[in-house]
Amino acid sequence: MGTAYTPGLKISSGTIINKTRRLPLKGQVLVKVGDKVESGTIVARTEIPGVMQTIRVAEILGLEPPDALAALNIKQGDKVEAGQVMAMTKSFFGLLKSECKSPYNGTVELITSATGHVGVRLKPLPVEVDAYIKGTISEVIPDEGVVVQTYGALVQGIFGVGGERTGKIVVPTHSISDALTEDIINESHAGQVLIGGAGVTLGALKKAASIGVNGIVVGAIVDTDLIEYLGHDIGVAITGQEDIPTTLILTEGFGSIQMAERTYKLLKSLEGRTVSINGATQIRAGVIRPEVVASLDEPANSGESESSSQSLETGSTVRIIREPYFGALGTVTKLPPELVEVESGAVVRVLEAELGDGKIVSVPRANVEIIET
């Protein structure tokens, strides 16, 4: 029997989940191993140095550089506020005066005698990292961040947009075939995470964003609707940084695709619970998937841990991640050991899978992801 290893998507009602929370540069870690944290708990903090801005004092006052330096009433290391007079000259028996004011809040970092310019470093930008999920600090990375561990339900999608958010799960649809439409979204859904079945309409997305819905999780969306919602085309880089009020997670793909039955049932079983969601996706490398995380009480005998890969075998449930069957779920029926030449001319190992409609398809093994349970 052929065996292969391929990245998998996790759909689990209970697993150990670890999330690394790291600062963009070294700073201060505010928690210790064993501390209990909520999703909004600040676990680390740092400051990003401000940008240096140049003030052309000599030109502003119309002086030669040595004269401009003589007119300064600030020195290196001084803090200045916007509008503060940094240099002043008087002429014509003191009746006429010229001033050079700082346009910025910051610190005087350099004074250049050759040019008569003053460099002001803007105030640093504070950066804080929160825990993202409810859990326990399992590891401290000195000066950089922490690892938060929790036991809970985990649903990974195939594509998403929008960043990290939290909210209570609400399931306003009744089945995997129901789309999330504008008429079933209302003001009470503000701050929540809505679960749909087959998809979401553009009108529903816009209404959810206007109300303040934190997240939407559905099977699929028409790609042109997503582009209009984002206001730009879908790129191939990492998503998750889009400036949108509602994070969107697709569990199956693009077009009109029903959410997998077990995914829908799992999310519905979590209705009323607060979850953490993140739409960040990196497709090509296959290392970042959008996700829904619900922290739960850990059973005494739980030992399962979050994994990134598993064996691909006959009977495995897979999701196809390339056209022409993008997003389709299937069950592996055969793993031929011999290499096969595919349409592109490449010679690769393939698998045969039975799709939901009973159709048997042959696809390269690299074009599927295992649905882990």
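The values are calculated or read from the model by the stated rules, or taken from the named source; none is laboratory data. Everything numeric in this text was worked out from a predicted model, so none of it was measured. Please note: Cβ atoms are built from the backbone with ideal geometry, for glycine as well, and neighbour counts cover all protein chains shown. Areas reflect the complete protein model, heavy atoms only, side chains present, ligands, DNA and RNA absent. Shrake-Rupley method; radii C 1.70, N 1.55, O 1.52, S 1.80 Å.
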Seminar exercise, completed: When (1) under 15 Å from ILE60 (Cα atoms); (2) at pLDDT 95 or above are applied to THR89, the one that fails is (2)
Exercise. Among the residues of the range 319-342, is there at least one that is among the β-branched types (Val, Ile, Thr), surrounded by 12 or more Cβ atoms within 10 Å (Cβ to Cβ), in contact with a Phe, Trp or Tyr (Cβ under 7 Å, 6 or more places away or on another chain) and at pLDDT 75 or above?
Worked result: yes
Exercise. Which residue pairs have Cβ atoms under 9 Å apart, sit 6 or more places apart or on different chains, and have a first residue in the range 141-152 that is within 21 Å of SER295 (Cβ to Cβ) and a second that is open to solvent by less than 10 Å² (accessible area, probe 1.4 Å) and of a type in the set (S, T, N, Q)?
Worked result: TYR151/THR15; GLY152/SER12; GLY152/THR15
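Only strands (runs of 3 or more DSSP E) wholly contained in the range 82-197 count here; list those with 3 or more residues that are under 21 Å from PRO24 (Cα atoms) and either in contact with a strand residue (DSSP E or B) (Cβ under 6 Å, 6 or more places away or on another chain) or open to solvent by less than 60 Å² (accessible area, probe 1.4 Å) (or both).
The strands (runs of 3 or more DSSP E) meeting that bar are 125-130, 135-141, 145-156.
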Exercise. Which residues, taken from the range 349-373, are open to solvent by less than 40 Å² (accessible area, probe 1.4 Å) and of a type in the set (Val, Ile, Thr)?
Worked result: VAL350, VAL361, VAL363, VAL368, ILE370, ILE371
For this session: Report yes if some residue within the range 214-236 is at positive phi and either at pLDDT 95 or above or in contact with a strand residue (DSSP E or B) (Cβ under 6 Å, 6 or more places away or on another chain) (or both); otherwise report no.
Result: no
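Looking at the range 298-306, is at least one residue in a helix (DSSP H, G or I), open to solvent by 50 Å² or more (accessible area, probe 1.4 Å) and modelled with pLDDT under 80?
Our first condition is that a residue be in a helix (DSSP H, G or I); within the range 298-306, this holds for none.
Checked the range 298-306: no residue is in a helix (DSSP H, G or I), open to solvent by 50 Å² or more (accessible area, probe 1.4 Å) and modelled with pLDDT under 80.
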For this session: Mind listing whichever residues of the range 211-238 are surrounded by 13 or more Cβ atoms within 10 Å (Cβ to Cβ) and hydroxyl-bearing (Ser, Thr, Tyr)?
Result: TYR229
Exercise. Can you name the number of the only condition in (1) open to solvent by 80 Å² or more (accessible area, probe 1.4 Å); (2) in a helix (DSSP H, G or I) that LYS75 fails?
Worked result: (2)
